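What follows is a set of notes on a single structure, which appears directly below.
Please treat every number below as a calculation from the coordinates, not as lab data. Note that the structure is a prediction, hence the values are computed from the model and not measured. Here Cβ is always computed from backbone atoms with ideal geometry, including for glycine, and neighbour counts include all displayed protein chains.
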Amino acid sequence: MSNSIMRDKAKEFAKKIVFACRTMKEERKEAALINQLLRSGTSIGANIHEAQYAQSTNVFISKLEIAQKECYETEYWLELLFETDCMESGIYKSLRNECGTIRRMLIASLNTVKSKQE
């Protein structure tokens with residue numbers, strides 16, 4: 001998949017994270033955990049977007065690797081919020097699946113770029 005598809009998916013995912021966090025905050029759930037999810041979940045797309053304007057291949061790789069790490073962190077916060085009854089099952093499963101899809105796209109993109117460097 002092209003980077004623009006991945007970037008668009010990450011932006012849509014970030015919007016869903018914002019809406020989910022807003023809802024949980026309105027329900028007076030765990031604010032510290034919600035803020036962590038908000039930061040990591042929206043950072044994925046920001047780093048993918050930044051990668052598009054990287055000045056070198058190494059910077060491009062670095063930005064995508066940061067986005068990948070943010071995916072792993074986001075999956076952790078989603079799981080923690082779900083397991084502490086702060087997030088509904090349907091929302092959790094949907095967001096977890098979308099995050100996993102983006103993470104797999106990042107892995108594939110990184111593998112492609114790194115293989116071209118060799």
Q: Please state which of the following conditions Ser4 fails to meet, knowing it meets all the rest: (1) within 15 Å of Leu110 (Cβ to Cβ); (2) loosely packed, with under 13 Cβ neighbours inside 10 Å.
A: (1)
Q: For residues that are assigned to a helix (DSSP H, G or I) and in contact (Cβ under 8 Å) with a residue 24 or more places away in the chain, scanning just region 47-56, find the one that is nearest to Glu98 (Cα to Cα).
A: Ile48
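Residue by residue, here is whether (1) surrounded by 20 or more Cβ atoms within 10 Å (Cβ to Cβ); (2) outside any helix (DSSP H, G or I); (3) out of contact with any strand residue (DSSP E or B) (no Cβ under 8 Å at 6 or more places or on another chain); (4) not aliphatic (A, V, I, L, M) holds:
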{"site": "Lys11", "(1), (2), (3), (4)": "no, no, yes, yes"}
{"site": "Leu37", "(1), (2), (3), (4)": "yes, no, yes, no"}
{"site": "Asn58", "(1), (2), (3), (4)": "no, no, yes, yes"}
{"site": "Ile61", "(1), (2), (3), (4)": "no, no, yes, no"}
{"site": "Leu64", "(1), (2), (3), (4)": "yes, no, yes, no"}
{"site": "Leu80", "(1), (2), (3), (4)": "no, no, yes, no"}
Q) Can you name the condition, by its number, that Asp85 falls short on among (1) more than 15 Å from Gly100 (Cα to Cα); (2) in a helix (DSSP H, G or I)? A) (2)
(Q) Checking the structure you have, find out if any residue of region 14-32 is under 11 Å from the mean Cα position of the chain (by Cα), under 17 Å from Arg104 (Cβ atoms) and surrounded by 15 or more Cβ atoms within 10 Å (Cβ to Cβ). (A) no
**Q.** Filter pass, Cys99 being in contact (Cβ under 8 Å) with a residue 40 or more places away in the chain, part of a loop (DSSP other than H, G, I, E, B) and surrounded by 13 or more Cβ atoms within 10 Å (Cβ to Cβ)
**A.** no
Q: Return the pairs, sorted by first residue and then second, in which the second residue is buried (at least 23 other Cβ atoms within 10 Å of the Cβ) and not in a helix (DSSP H, G or I), the first residue lies in region 34-46 and is touching a residue at least 60 places away in the same chain (Cβ under 8 Å), the beta carbons are less than 6 Å apart, and the residues are 6+ apart or on different chains.
A: none
Q. Could you give every pair whose Cβ atoms fall below 6 Å, whose first residue belongs to region 75-94 and is more than 13 Å from Gly41 (Cβ to Cβ), and whose second residue is assigned to a helix (DSSP H, G or I), counting only separations of at least 6 or pairs across chains?
A. Phe82/Tyr92; Cys86/Met24
